[in-house]
Each structure stands twice: as C-alpha cells, then as structure tokens.
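Encoded as structure tokens, the structure appears first; notes follow it.
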Amino acid sequence: LMIMSGHGGNIFKPAIRDIMIDDPDFVICHNEWFNIVPREGFFEEKEDDHAGELETSVMLHYHPELVDMSLAGDGKFSSFAIEGLNSKVAWVPRDWSHVSKDTGVGDPRKATAEKGRRYMEAVIPKIVDLVVDFATKPIY
C-alpha cells in the first residue's frame, strides 16, 4: 500500500509501524509528492508550502475548474518567533490565525497550469519507478 500524502504534517509513521508489527508481510509506504522533486527551477517562490505557487500550479494543471484565482491572496505569512521551529529542528502545528490572513504561505498569484504540468512531469516518473520496483523486486 502506498499512501500519497498531498498535505504536509500528515505523517503516518507511527500507524504504519503499528500495522507492520501486527502484519509484517503487509508493506505500507508513505510519500509526500510535493517533496519528491526540489521546487527550484519550477517555481519562483522559495518559501511556499500552503496554498502557494506550487500547490496552486498543480491544481491549475489538473483541476482548473476548482481554482478561482480572483480569490488568491498575496501569500504573506509570519514565521515562528522560535528559530528552531523555522529551521525544522522541531515541528508544531501552526495556528493559522497567527500565520496568515488567508492560510496561504507563498504567493499563489504566480501559479500557472504550465508550471504545475512541468513539475508533475518530473514527479510522476519517480513514483512510477517506485511502484514498478515494489512490484518486481524484493525490498531487501
């Protein structure tokens, strides 16, 4: 089973470990598709992780009918006051009322369907290769 998470923070490692203790032959893997390929060269925004340029571009590529760009905010956000949280020494959930006026982190107004297409054309072959490897090779 492959869990493809499209939402950061949904970390299933504890549940996956628990299931594999009970059923060690049932292999579960987890990925976050948006972290498979570095965003450099695809997107302008460096800090963009919630309804920003990357996610909006991918949505414009796959489901433009669900995206109303007239509602796009500017993507301005506030970082944590604790540097260790910003540099990912540790993680805590964000309180969106302190982070952003519209929960956006990164400027979605820079998004295009073409950027989303190009990015996913780089991501999908890596996922396909993994699935083929799981189907044709032992893990160890």
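The values are calculated or read from the model by the stated rules, or taken from the named source; none is laboratory data. All of these numbers come straight from a predicted model, not from anything done at the bench. Cβ coordinates were reconstructed from backbone atoms using ideal geometry, including for glycine residues, and neighbour counts include every protein chain displayed. Ligands, DNA and RNA are stripped out before the accessible areas are found, and what is left, the full protein with its side chains, is counted by its heavy atoms. Shrake-Rupley method; radii C 1.70, N 1.55, O 1.52, S 1.80 Å.
Give me a count of the residues in region 52-83 that are among the aliphatic types (A, V, I, L, M), surrounded by 13 or more Cβ atoms within 10 Å (Cβ to Cβ) and closer than 25 Å to H98 by Cβ.
The initial filter retains those residues of region 52-83 that are among the aliphatic types (A, V, I, L, M), namely 54, 58-60, 66-67, 69, 71-72, 81-82.
Still in the list and also surrounded by 13 or more Cβ atoms within 10 Å (Cβ to Cβ): 54, 58-60, 67, 72.
In the following step, the residues that additionally are closer than 25 Å to H98 by Cβ were identified as 54, 72.
Summing the residues that are among the aliphatic types (A, V, I, L, M), surrounded by 13 or more Cβ atoms within 10 Å (Cβ to Cβ) and closer than 25 Å to H98 by Cβ in region 52-83 gives 2.
Out of the residues in region 1-25 that are charged (D, E, K, R) and in a loop (DSSP other than H, G, I, E, B), state the one that is nearest to W91 (Cα to Cα). Break it down into steps so the answer makes sense when it comes.
First, the residues of region 1-25 that are charged (D, E, K, R): 13, 17-18, 22-23, 25.
With in a loop (DSSP other than H, G, I, E, B) added as a condition, the list becomes 23, 25.
Values: D23: 30, D25: 31 Å.
Ranking the candidates gives D23 first.
Does any residue of region 55-78 turn out to be of a type in the set (G, A, S), touching a Phe, Trp or Tyr at 6+ places or on another chain (Cβ under 7 Å) and assigned to a helix (DSSP H, G or I)? First the steps, then the outcome.
Of all residues in region 55-78, those of a type in the set (G, A, S) come to 57, 70, 72-73, 75, 78.
Of the ones still in play, those that are also touching a Phe, Trp or Tyr at 6+ places or on another chain (Cβ under 7 Å) are 57.
Next cut, assigned to a helix (DSSP H, G or I) only: 57.
Within region 55-78, one or more residues are of a type in the set (G, A, S), touching a Phe, Trp or Tyr at 6+ places or on another chain (Cβ under 7 Å) and assigned to a helix (DSSP H, G or I).
Could you please give the count of residues in region 115-140 that are open to solvent by 70 Å² or more (accessible area, probe 1.4 Å) and either hydroxyl-bearing (S, T, Y) or touching a His at 6+ places or on another chain (Cβ under 8 Å) (or both)?
Selection size over region 115-140: 3.
State the number of residues belonging to region 84-108 that are in contact (Cβ under 8 Å) with a residue 40 or more places away in the chain, in contact with a helix residue (DSSP H, G or I) (Cβ under 7 Å, 6 or more places away or on another chain) and surrounded by fewer than 18 Cβ atoms within 10 Å (Cβ to Cβ).
Matching residues across region 84-108 total 1.
Just to be sure I understand, how many residues within region 26-46 are among the aromatic types (F, W, Y) and open to solvent by 60 Å² or more (accessible area, probe 1.4 Å)?
Qualifying residue count for the region: 1.
Taking region 43-54 on its own, how many of its residues are touching a Gly at 6+ places or on another chain (Cβ under 9 Å) and part of a loop (DSSP other than H, G, I, E, B)?
Here is the first cut: in region 43-54, the residues touching a Gly at 6+ places or on another chain (Cβ under 9 Å) are 43, 45-54.
Now narrow it down to the ones that are part of a loop (DSSP other than H, G, I, E, B): 43, 45-49, 51-52.
Counting residues in region 43-54 that are touching a Gly at 6+ places or on another chain (Cβ under 9 Å) and part of a loop (DSSP other than H, G, I, E, B) gives 8.
Out of D23, D49, which single residue is under 28 Å from V128 (Cα atoms), open to solvent by less than 90 Å² (accessible area, probe 1.4 Å), of a type in the set (D, E) and over 18 Å from the mean Cα position of the chain (by Cα)? Walk me through how you get there before you give the answer.
Details: D49 fails: over 18 Å from the mean Cα position of the chain (by Cα).
Answer to the selection: D23.
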